[in-house]
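Below you'll find the structure, written out as structure tokens, and then a few comments.
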Amino acid sequence: MDDLLEVKNISVSIHRSPGDVYAFISNGENVPRWAAGLGTKIRRDGNEWVAEGPIGSVRVRFAPPNDLGVADHDVVLASGITVHNPIRVIPNGAGSTVIFTLLRQPGVSVRQFNQDANTVQKDLETLRSLLEQS
């Protein structure tokens, strides 16, 4: 069982339809508005996005558009390492719940993993704030 990564599921509920939330999350242009941990600037490059932010220049690939609320994205670091980021948008009453699954990558300390989880939680709270305002 040592080959399994530690996991934290981080979620936020939003008073917006799943379709609205999914459309916002899966649009790479919106990344700087809610995912500061990933990038503060972003540009399209073919089927990918290039984000500039606290972890440097990274390439971002989103899951193909779908009706299931799967907004996964892969982040390719400058080192060439690819980090898979599972995100689900699920119906919740009259709104939605967004669940981000954070996987503790090899070499990441418990302290850094907890910091990463806090960053994801803040990003999701920013997402909620943006979507509930508009």
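Nothing in this text is a laboratory measurement; each read-out follows from the coordinates by a stated rule. The structure presented is a predicted model; accordingly, all values stated were derived computationally and were not measured.
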Checklist outcome for this item: Taking 0.36 nm per residue of separation between Gln115 and Asn66 and subtracting their Cα-Cα distance, the length gained on full extension comes to 14.5 nm
Checklist entry - Quick one: what does P(r) look like for segment 1-76 with 10 Å bins over all Cα pairs, in whole %? => result 17, 44, 32, 8
